[in-house]
Structure formats: structure tokens, C-alpha cells
There are 4 protein chains.
Amino acid sequence: MTSRTIQVDVIRIPTKGPGDVSGLLGLIAGGKIEPSSIRAVLGKTEGNGGVNDFTREYALAALCEALAPHLRLTPRAVEDKIAFVMSGGTEGVLSPHLTVFARSTAPSAAPNGSGERKRLSIGIAHTRDFLPEEIGRKAQMDETIKAVHAAMADAGIDNPRDVHFVQIKCPLLTSERVEAALHRGCTTVTTNGYSSMGYSRGASALGVAMALGELKTEVREDQVLKDWDLFSSVASSSAGIEIMHNVVIVMGNSPTSLSPFVIGHAVMRDSIDLAAVVEALSSVGLSAADAQNGRLVNIFAKAEASPDGCVRGFRHTMLDDSDVGSTRHARAAVGGLVAGLSGTGAVYVSGGAEHQGPPGGGPVAVIARV
Amino acid sequence: MTSRTIQVDVIRIPTKGPGDVSGLLGLIAGGKIEPSSIRAVLGKTEGNGGVNDFTREYALAALCEALAPHLRLTPRAVEDKIAFVMSGGTEGVLSPHLTVFARSTAPSAAPNGSGERKRLSIGIAHTRDFLPEEIGRKAQMDETIKAVHAAMADAGIDNPRDVHFVQIKCPLLTSERVEAALHRGCTTVTTNGYSSMGYSRGASALGVAMALGELKTEVREDQVLKDWDLFSSVASSSAGIEIMHNVVIVMGNSPTSLSPFVIGHAVMRDSIDLAAVVEALSSVGLSAADAQNGRLVNIFAKAEASPDGCVRGFRHTMLDDSDVGSTRHARAAVGGLVAGLSGTGAVYVSGGAEHQGPPGGGPVAVIARV
Amino acid sequence: MTSRTIQVDVIRIPTKGPGDVSGLLGLIAGGKIEPSSIRAVLGKTEGNGGVNDFTREYALAALCEALAPHLRLTPRAVEDKIAFVMSGGTEGVLSPHLTVFARSTAPSAAPNGSGERKRLSIGIAHTRDFLPEEIGRKAQMDETIKAVHAAMADAGIDNPRDVHFVQIKCPLLTSERVEAALHRGCTTVTTNGYSSMGYSRGASALGVAMALGELKTEVREDQVLKDWDLFSSVASSSAGIEIMHNVVIVMGNSPTSLSPFVIGHAVMRDSIDLAAVVEALSSVGLSAADAQNGRLVNIFAKAEASPDGCVRGFRHTMLDDSDVGSTRHARAAVGGLVAGLSGTGAVYVSGGAEHQGPPGGGPVAVIARV
Amino acid sequence: MTSRTIQVDVIRIPTKGPGDVSGLLGLIAGGKIEPSSIRAVLGKTEGNGGVNDFTREYALAALCEALAPHLRLTPRAVEDKIAFVMSGGTEGVLSPHLTVFARSTAPSAAPNGSGERKRLSIGIAHTRDFLPEEIGRKAQMDETIKAVHAAMADAGIDNPRDVHFVQIKCPLLTSERVEAALHRGCTTVTTNGYSSMGYSRGASALGVAMALGELKTEVREDQVLKDWDLFSSVASSSAGIEIMHNVVIVMGNSPTSLSPFVIGHAVMRDSIDLAAVVEALSSVGLSAADAQNGRLVNIFAKAEASPDGCVRGFRHTMLDDSDVGSTRHARAAVGGLVAGLSGTGAVYVSGGAEHQGPPGGGPVAVIARV
């Protein structure tokens, strides 16, 4: 018996561009989404997913402007209230879209109708703002641990095994931020903006792994982007230019949730691990064939170029391509596989899986209607 | 009964770079490949697959230089003797490699030991050189028809239904070639080099479709890149800067072949058509699970961004990306799916499927050991 | 004697990103810019300048949001009131910035203190929205002619020789717009988004040339992007995804202007025409050495890859690069030259000079403080 | 009085592609170049100049193949005999070309007819092959110092002040090389291929600076790519995938040279330093106007994105562009300026000027006919 129940709704909305909020506003106007219940929005936008991908902050600005009058808040306050994670890069068949998570809580404890079955819940927390020199280092890991625990509590999840996906939005370094640190006499973990995205994603993922007890010992700062044996099986982090703190979104199944959805996950051991995607689908009762019958809500996967330059013994060229960043390559490839199995390109495949799953692989989570 | 028998061997060789011929030379030195029996080499090289992809001509030059002493020919004569098709672009998990087709013919007619079963054969033909203004137009289609018929005869294949893959290498326009045409008072089908690749591939594929009786009526010049209902289910064309003629390689099953391989194909109706890839594998007795047990030799697939901007109702962004060409996107995505099903990135996925399969889709052929 | 006088102010404002309006708001707060007098904003934003360059519409949205409360208008109404031209692409040394043109009119006719000397004025007009199939064709040219004349009248300029720069913002085609036309049974001038930018810019520039009497005869639709001998010496057009009409901004010297600025121009005959840039500087009394003493306000130049593939007899590779669009190359190169002569990268160099100056060249205009 | 005299010839040859050796072979056939006298070839090829720029090794292979029969050597031996430096990247107006340096020595000491005037000479040396983990570190610096001194002696130059350009070709790291080091228990200076190019160029340039006495103290390994106050005013290094050692080419004026050419240089303090290019032209008696009258042989300049993110106080975006590498941006911009001043795009502008000139700037050298 529990003192509150949680109702969660998840809706996938295609977009026509990074500034397109018409789909969301239509659902609000049609009464399908209650604006005040929106807790998180995960989006795929059509930028390059790199340092100068302004589609993320553009989408964020457009969403905050659009929701502000509905929430009677300033756009800036909307950004503080709702966890927005815009992941740039819709390479290949990937299709720009938003996934809106709405949640409401009721004080009375009605049974969720599923007996013992736990249902999808979601919880959110933020870290404090980081200084440029803290990105990719211990401070970012430590603050992430605290935020994951806060988000689990928020979701009504006690058992780390019920956590199936932890999405983090984390900051990156720009030339300006590197300079700012230098002027204060501090050096950043790297001076290269593109590289900094990896450090920030990696440190955040290791924070998740420690928070969930996935690692037996504490991670040292110098193991970030070095010791690839350390990873989380459920962390997914995206770096973006628009923030200086981490946003943590925990997704899992909770006994207090009344939602009609469940979530499960598996771990891709490499970029072509079809079996893992099938396993993730199975974990929520879907097969590749079922996937198109409407029960699938969305798939969330991380993609990265295997750091050893090979996939099952065959050389890949993603890391040596000076024209197209390796994250773009990896999203396109994993997106092709996941879309093939799910029958749609409107899936959330995000690049840069440092310490998110084993090297070259990554977590894959599926939300399905029960 | 037939007056000759054909022996075909197919070997896949990973490469370390576009100029790497060490794997091929090793197999020759080890007696695994008889140089004089090599009829065709299909390669994936790590360029951008676009106009300025010099990895194709570099690989070609390296192969010709390497084989010349073994064949007692000049490099230039090697290029005339063997059909080389270098397809640029190993995006995502795709892995650079060569597929070498060797063939020998015996005058006596021993049964192939398979009873009625037809086995893999290969035949080759060339068109004449085209003028820049002929590319993408009727002359290119007409000459391709003739060359397909010549290549079928060369392969010992009478029935067009036994043809499962027709690989064509075709020319493209450069600024210089467009200028040359203009100086002679002629205009080319387009002045844009990247666009010309599409016209050349499209006209070549329509030539294949007509040659194999896939279309009921003759194709008009103005239907190229316009009437997307017209297509071949087995054509695969790649445009390259290094030639001005079409090279046609017919692959199919022939009653006169004694080879230990068979080929089959299916047609992907879009970029995420997992079922078609499974069907192609099945057609030669493989399942996704079998694929890794050594019977799979290679998969040959074409990829393209759906020209209507959508895949199963969801918008893709491949055609509007001014940073990364749509062929790169499409190869990466289809490569991810095909590699997932076959368990390896060393597959031949080639971009630009104009009139090769339905719009947004493309042929997929599989060669397997019996 | 004239029935009104015009006061024009021009201010260059560096930006920290496409969404950065802090510089503009600071000048408004400091009383340096009266919001209601702003007539036009020309910006350079850090996108790729191609089809999927969303930095332009993001900058536009941010500017409209920022100015809306100051003008007591909705953001949408701000966009209608002020002529915004965001030109994407700050390759090489080019630096993102805004140039704000403010204008006020007084009914009384005080002499401008310069005797006979004409001073900088600016006038603005819009065309109607175009259908996708009208872009790059006669309708776009004809409507542009009308709009240029309207903008000259608005600027108080009678003599076409006093017009030194005509900036046009024009639409482009996306996959969606091409499809929309097809559904209505109409075909667009091209189905390729990137190519459509050239058609739109070219037709707009030819409209300017006809409006100013630079061409003796009317231009036929089929001469667009074909007959490169036809061009305007003062037109500058930028294509952007965010509009479906043309915005026309005429800059010139007017006897009715009291502004402390003058404008002049020259025509670069190719991308390395240093002499033309020097001439443009001279036309307003500046030398390369003077340029840094504060009198220079901004330089406005168009850049393009010479369509014949050569610059002064030496081959360039811009048109054959499938990784980086030719407009990016051209902006970077011309930006390097113009920045070298003006001592700053915060200059307005815009790509795609079809029919804007001779093939491979383009107009270059300079605004200087008297 | 001297015991030998040196005759040097310098010829610039446009190319039609990275594999084009027709111009060189034509000059050999026409008796303009004696193959056995060729000591060095500096080329600009049309690749991306990055890790996967295979145009450099393709050009190298083509040149070695072409020269082999003329020198009665194997292609491999040609590569050892002649110093080839292929610099990838002809962005903007830059035009692919080769500069061939031929040299012959005579034992008798005829005066060079110029009285006191020193004339162009050239000297060459190689380091040993480096291990992957030595790249960008002390070993690379130390070996470079030795090689510079050897090359000066080879050129007949005693005084470091007579050295005006030191071109170095140096190796880079690939995924494979990084892995190889790891397997031996060694870590490389970076695991990122693109980044490794900067380390290799930087360490090589610092080796030159120490060899020529430009720095007062020895450089520590941890100052590479850190302490930007340390630089050479004449070093120019290019990283390429095709070698594992450094090739050092010293160009300067020697009293023992009888050549009809002189060389001079200046240092660009930033990417828009027009005055420095003018100074370099002046140092050999050329003005911007003269440059086109045939006396200019070639200009050699280094370009880089200023590491502080600014050029003369205005933000540039080169370092934050995840689509186009900063070296491509910088070459395009500096190439535009240098081409504008010299009247041709067939100039040698090479990217990545780490420790080659001050941060954001670089050396610029000019060879002119007397």
C-alpha cells in the first residue's frame, strides 16, 4: 500500500522543423495533453548533433515560448519547470519528433489494476550549474549521483533494477567557455568543443552507474574516456550548448504508477546487435512484427562508433572521417537497425555512448502500451 | 546439355585503405586466387561516394598496378580486362572490402552435381565511351540494354528470371566535362556534378529494366529521374569519376555453372524494409541466425533517400541536409540494417538507387555458399 | 528643395550566437537605438547557409520576440514591419553580427549640411507570397521589379545610379514544398532544395537588374541560371527557408537624406578581385589603411564559385566538393580577402551570387561614416 | 670562395586531379625538367586535408609510379630519393598544383653573377620512423632538430637567418596506430586522429624553432599545443597518413647558389594580416601589382583558426563547427587573401599552423624570379 499514485502519459509528436510546436499545441488545444502535467520532453532535432547544433536551443526556445502562456510562466521559468532534452541529429531514416511525458499524482492509493505488475513512471532532478573546468570531471559525476537518487524518489522507484533508462542532458565546452576558465587560471578537461561533448556525456553516465550500483567501486576522474570497462546499462546522455548543469530523467516501472505503459531495456554490445533490440522489444511483450500494431510508443537507444575501430572484427571508418563526425555515422547506422525492427524512423537514437553500455554498444529501452 | 561449364569463385577481402592490395596479393601468393581467372572486383572504399571521391580511382589504380605483373599486362590493359566497380562510401558500420569474382570455363560438359539446381555465374560487358551530353539520356540507356544482353550471354544465362543482380559502373559529369560539352555547343542533362551521378545511375538502371523485360514499354528520356514507377528490381549502379563508359556485370544462376555458390534477391520497398532483407537471405537458404555461420559470402544492396521525403509516413531529413549528401545518409542507414541482419559490416551497400527498386527502396541480393 | 528629410542610422552589433539579442537590447536600453525607427536588420549567422540552416529562422524568431514588447506588437507583426535578412554562413574569418538600419523621417526640409552631396538612405518593400512553382521563374522576377521600385520611392531615390546595393531575401524549396506543388499538379523549377536556392537568388537578382535598367531587354524565364552574361551590379540575394515572399531592401544615396553616412560600390569580376574591393572602399573615401580608423561601418559582398570551374585560368574545386557546398567555400575565400582589406571579419559576405555581378564575381558595397 | 655551386630550379605545375602526372611528364618529355635533379615536390591536392584525406597518398603513389622509369628506380625507392610533401585541401579559390624543386651541384666555384647577393637553395633530410607514441612528443622534436641541421648543410646554408621556409611532412595517428601502441602498453598523446595531426605539426614546428635558434630555451613536451608563445617564424608542417617519419625541406638563400630565384618571408600575426603578405612580397622585390607579371613563382603560407576564438576582437566560428574542420576554414580564408594579393589561386596554403607563427597567424614565404 502506498500513500500516492502516479499517472503517466507518453505521447510521440512528429515535428516539421526545430521550431515547430504546432503538434504539441494541437494536442493541448484538443485536450489530449494537460500542459501543467508535462514533466519532460525528449526531442530529436535535425541538426548535426555537434557543438554548433543550434537546433537544440532553437527547439528549446520555441517550446518554452509556446508553453509559457499555458503555464502562466515566463519562458525562462518553463525551462526550469520541465525537463527538456533535445538531442540533435536525425541522420539516415531518423525522423524529428518530440516525446512528451506528462505526470500527475493523486494522494489516494487506488490499486493500479495490474496486481503485482509495476508500470511506467518518470522522475526528474537537476544538478547545480557546473563551471567549465568541472565538466567531464569528478564534480560532474558526484552531482549526477545525487540527482539520480532524487529523480528515483520523484518517480516512486526504490529498486535500482526497476530503472530502465536514465536520460541526462549535460553541458559542453565552447571556445568562449574554455577561455573563461583560462582567465580564471583553470584548465578544462579538453580545449576542443567536440571532444568536450564526449567527456561530459561520459562523466554523466558514470555518475548514473555509481548511483544505481552498477559499479562496485568509485570511479576516478582519470578513468573517464579511458577505462571503457566501466559503464552503465541504462544511462543515456546528450550534450548541448544551451545549459551548464545536468538534467536527469529517470524512467522505470513503479508499483505506485497507474499508467497504461511499461518500460524495459537491453544492452547492445555493438552497433549491429540486432538480438539486443529484439530482446528489448520482448521485455515489454513486443516482437518485431508486433511493433507496428500500435503498442510501441518509442524506442530509446544510444549509438557510438566503437573506439577500437572495429565492429565484430571488421574495420569501420567512423573515427577517421574528418568530414562527418563519428556520432553522425553511429546514429545513422543504429537508427537504420532500430527503425528496421520497429517499423518507424521516429525513434530516439542519440549519439555518443561513452560509458553508456559497453564500448561501441549502448542501452536500448522500449516503452510500450500494456 | 551444354557445350561448356563455368566455374565461379567469390572471395571477400577486407582492406586497410583504398590503396591496400595486400590482401589480394596474399591470396594470389597463397594460390587461393588465380590472377588470370579474375573477371570482376566489386569494392567498397572509404570516400564520400560523391563527385570528389578519389578513393575509387585510387583503389582502381592500385589494383591495376598490383595485378599488372601477374597478368603480364600494363595497368591500363588490366583495367580493360577486368570489370572493376569501386563504390565509395563506408558510412556507419560499413567496412571497406573487395569482393573478387574469378571465373574459368571448361569446354566439356560435366554435370554440376546439383541435378536441376542452377549455380552462381557471372558475365561482363562494356558499352562504348559516352560523350558528356549523353550521360543520363537515351544513348546511355540504349547502350546499356545491349551490354546487359552481352553480359548475360557471357554468363551462360538465357532466362532473365535467373538474373539476380546487375551491377553497373557509370560515369558522372565534372565541371570540366560540362564545359567540354558546352564548347561543342551541347548541353548536358545537368551542370551539377553531384546531380549528374543520379542521372547516370538512373538511366543505366532503366537500361537494365528494359533489357530484362521488367518494363512493358520503352522508357523516354524525359522519364529519367521523373517517373519513379519505372524501375529495375535487380539493377545496381554506381557513378564514378574515373570512366566515361558503362561497365555491366550480370550475376545470376546458370545451369552451366559448377560453382559452389547460389545467388538470390528481394526488393526493399523502403529503407527500413527488414522483411525484404530476410527474404533475400531466405532465398539462398539463410536466416539471420545462419548468416554468421560462414555460408554468407556477401550481400549487395542499394540505398537511397526516399524522394518524397518520408519513410512510412515519417519525415526524413536526408534530402535537405546541405552538410552531408543524401547518399551518405542512406548508405549509413541501410548499412546498419543489413549489417544487423548479416552480422557484419563488410557488406556492399551502395548509394543512389534511382530507378533501382521502387522510390526510396532498392534491390538486395545475397550470395551464399551452397 | 524637398518635402521631407530622412535620417538614417547604421549600427553593427556582434552576436554570440544565432539567438543572441543582448547586444541589440543593450543599445535600445542605452538609448542608442530607438526601436520604432528600425527598418531593416541584416545579419550573418553561423549556420551552413544551406537548406537546413535553421540559424536564420532562429535568429529571426529571437529578434522578433525581443523587439515585440518594445514595439507593442506580436512577434509575427514585428516580422512584417521590419525587413530582416539573415544570411547564414560565417566560414573562415567571418564573424556573426547584425547590421541594424534605423530610419526616421521629418516633414520639414532642412539642408543636410553637405551641399550637393547625397547621403545614405534606405527603402524597403515586399512582394506577395510565392507558390513553390513560381520560385526561380517569371513571377518572381516580375514581382521583384515592382518591389524594387517601391523600395526606391521609400528611400527617396529617383536615379537608379544612386542605388548601390539591393539586398533581397527570397524563399527556397524544401521536399515538402516540392511535394505540395506536385499535389496541385504543378512542377517546380527543380526538386533539389539546395539547387532551388540558386534559382530563387538568380531570378531575384535579374528582377533587380531589370528594375534598375541594367539590362536592355526583358529576361526570359529560361535564361535564369543559364545566361550568365545577364546580371545586376548591385543585387545581393539570400535564400532562406523561413519565408515564401521576397523582401527588398534598397540602399543608396539620396538628396533627401541627412544621415552621416555614404554608400558606394564596385563589382568584383572574380573571387580574387582585390582591385574591386579597393575601388569600393575608395568610392566612399576609404583606403585599406583607413579602414581600421573607425570610418568603415560595414562591407556587403556577394561570393560564388565561378561556374566555369576556374579563377583566372586556374581550376578551383568548389563545385566538385560533395562534402562542403560551394557557397561555403566561396564565402570563406571572399571573406578572407574582404576581411584582409577591411581589417575585420565582421563583414557581410553572402554566398550564391547567381546573376549578381558577372559569373564568379559579385557586387561589393561599402558604407562609411562621412 | 666555395668548393661547390648549387643550381636550383622551381616550376609550378597545375594538376587536373590527385593522380594527374601529365603536366610533370610533359615537362620531362620537353626537356624542361631533368628527372634525376628533382629533389622535392610540394603539392596541393583536393582532399579535405584531414585524417581520411587519401588524395595525398594517391598523389604520392602516382608521382612515384610516374618517375620510377625515368629514374630507373622502383616507386618505393623514388619515394626515398625525393622529398614529397602533399598538402591536402584546396578550399575556396585554392587550386591544385605541384611545385617541383630541382637541384644540381657543380664542383667548381663560379661566382653566381649576383655579387654579394645570395640565391635560392634547397636542402633535404629525413628523420627515422617514429612509433605512434612518439608523435607529438620529445622524440619527434629532437629528431626534427637534427634533420633541420642536416638539411641546412645540404642546402649550403650556414646562417639560420638565411632560412626562409622549412617545410615538414609529418605523420598522424589513426585508430589502428593508436591500437598498436596500446597493445604494446604505450599510450599516444591523443587517441583522436584529427587531434593527432595538430600534435605532430606542433612538435615538428617547435623542433624547427629550436634548430634555428628562434627560442632561447629547450621546449618541454608538455608545452606542445599548450604554450602558444613558442613558435617558429619559418616552419610549415603538414601531417599525412602515408608516412611515419618527418621529411624536412629547408628553403633559403645561399651564397653558393647560382639559381635565378630568391626567397623571402614575413609572419602573419593573424589570418587577415594583409600587411604581412605585402611585406613578404616586398622582401623579394614584388608588389601586389607586380605579382602577376610573371616574376612570382609561388607563395607558401600556413593558416589556422586562432585558438582564442577571435580575430582582432571579433569572434570566429571555425573551432566550433562540427561539419567543417577548422583547418578547412582557415585554408579557405587565408587562401582568399593570399590569392587576392598574388592574382592566382595556385598558391601553397597549408592548414594547421600550431607553433608555426604566432597563435592564429603563420609564416608566409615568397619565391620570385630575380
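Results, tabulated for the structure shown:
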item: Residue list for the range D:189-224, restricted to those being open to solvent by 40 Å² or more (accessible area, probe 1.4 Å) and of a type in the set (S, T, N, Q); result: D:191, D:192, D:217
item: Test result for residue B:279, more than 14 Å from every other protein chain (Cβ to nearest Cβ) and either farther than 21 Å from residue B:325 by Cβ or over 15 Å from the mean Cα position of the chain (by Cα) (or both); result: no
item: Residues of the range A:227-268 that turn out to be of a type outside the set (A, V, I, L, M, F, W, C) and within 14 Å of chain C (Cβ to nearest Cβ), as a count; result: 2
item: Residue within the range D:93-109 that is over 26 Å from residue D:365 (Cβ atoms), without any contact (Cβ under 8 Å) to a residue 40 or more places away in the chain and open to solvent by 10 Å² or more (accessible area, probe 1.4 Å) present; result: no
item: Test result for residue D:46, within 25 Å of residue D:193 (Cβ to Cβ) and in contact with a Cys (Cβ under 7 Å, 6 or more places away or on another chain); result: no
item: Exclusive hit being among the hydroxyl-bearing types (Ser, Thr, Tyr) and without any contact (Cβ under 8 Å) to a residue 60 or more places away in the chain, set B:317, B:327; result: B:317
item: Single residue of C:234, C:262, C:284 found to be in contact with a helix residue (DSSP H, G or I) (Cβ under 8 Å, 6 or more places away or on another chain) and on the phi < 0 side of the Ramachandran plot; result: C:234
item: Exclusive hit being closer than 24 Å to residue D:253 by Cβ and in contact (Cβ under 8 Å) with a residue 12 or more places away in the chain, set D:41, D:21, D:78; result: D:41
item: Among residues of the range C:310-346, those that are under 25 Å from the mean Cα position of the chain (by Cα) and at positive phi, counted; result: 1
item: Number of the exception - residue A:278 against (1) in contact (Cβ under 8 Å) with a residue 24 or more places away in the chain; (2) crowded, with 21+ Cβ neighbours inside 10 Å; result: (2)
item: Residue in the range C:341-353 that is out of contact with any Cys (no Cβ under 9 Å at 6 or more places or on another chain), aromatic (Phe, Trp, Tyr) and without any contact (Cβ under 8 Å) to a residue 12 or more places away in the chain present; result: no
item: Residue within the range D:16-38 that is away from chain A (no Cβ under 14 Å), under 30 Å from residue D:323 (Cβ atoms) and under 16 Å from the mean Cα position of the chain (by Cα) present; result: no
item: Failed item in (1) more than 11 Å from every other protein chain (Cβ to nearest Cβ); (2) at positive phi, with residue D:49 passing the rest; result: (1)
item: Residues (assigned to a helix (DSSP H, G or I) and open to solvent by less than 20 Å² (accessible area, probe 1.4 Å)) located in the range D:1-27; result: D:24
item: Counted residues, the range C:63-92 - those being surrounded by 21 or more Cβ atoms within 10 Å (Cβ to Cβ) and basic (Lys, Arg); result: 0
item: Flag for residue A:353 being at pLDDT below 95, buried (at least 24 other Cβ atoms within 10 Å of the Cβ) and more than 12 Å from every other protein chain (Cβ to nearest Cβ); result: yes
item: For residue D:295: the one exception among (1) within 14 Å of chain C (Cβ to nearest Cβ); (2) open to solvent by 10 Å² or more (accessible area, probe 1.4 Å); result: (1)
item: Given (1) closer than 25 Å to residue B:51 by Cβ; (2) open to solvent by 10 Å² or more (accessible area, probe 1.4 Å); (3) more than 10 Å from chain C (Cβ to nearest Cβ), number of the condition residue B:358 does not satisfy; result: (1)
item: Residue count for the range B:141-188, restricted to those that are within 14 Å of chain C (Cβ to nearest Cβ), under 23 Å from the mean Cα position of the chain (by Cα) and open to solvent by 10 Å² or more (accessible area, probe 1.4 Å); result: 1
item: Number of the exception - residue C:199 against (1) at pLDDT below 95; (2) within 14 Å of chain B (Cβ to nearest Cβ); result: (1)
item: Hits in the range D:39-49 (condition: open to solvent by less than 10 Å² (accessible area, probe 1.4 Å) and under 16 Å from residue D:261 (Cβ atoms)); result: D:40, D:42
item: Output for the range A:298-314, where each listed residue is open to solvent by 20 Å² or more (accessible area, probe 1.4 Å) and at the interface with chain D (Cβ under 8 Å from one of its Cβ atoms); result: A:307, A:308
item: Residue in the range B:331-339 that is open to solvent by 10 Å² or more (accessible area, probe 1.4 Å) and modelled with pLDDT of 95 or more present; result: no
item: Hits in the range C:316-335 - residues which are at the interface with another protein chain (Cβ under 7 Å from one of its Cβ atoms) and touching a Leu at 6+ places or on another chain (Cβ under 7 Å); result: C:335
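The values are calculated or read from the model by the stated rules, or taken from the named source; none is laboratory data. The shown structure was predicted, so the numbers you read here are calculated from the model rather than taken from an experiment. Here Cβ is always computed from backbone atoms with ideal geometry, including for glycine, and neighbour counts include all displayed protein chains. The protein model used for the area step is the full one, side chains on, heavy atoms only, and it has no ligands, DNA or RNA in it. Shrake-Rupley method; radii C 1.70, N 1.55, O 1.52, S 1.80 Å.
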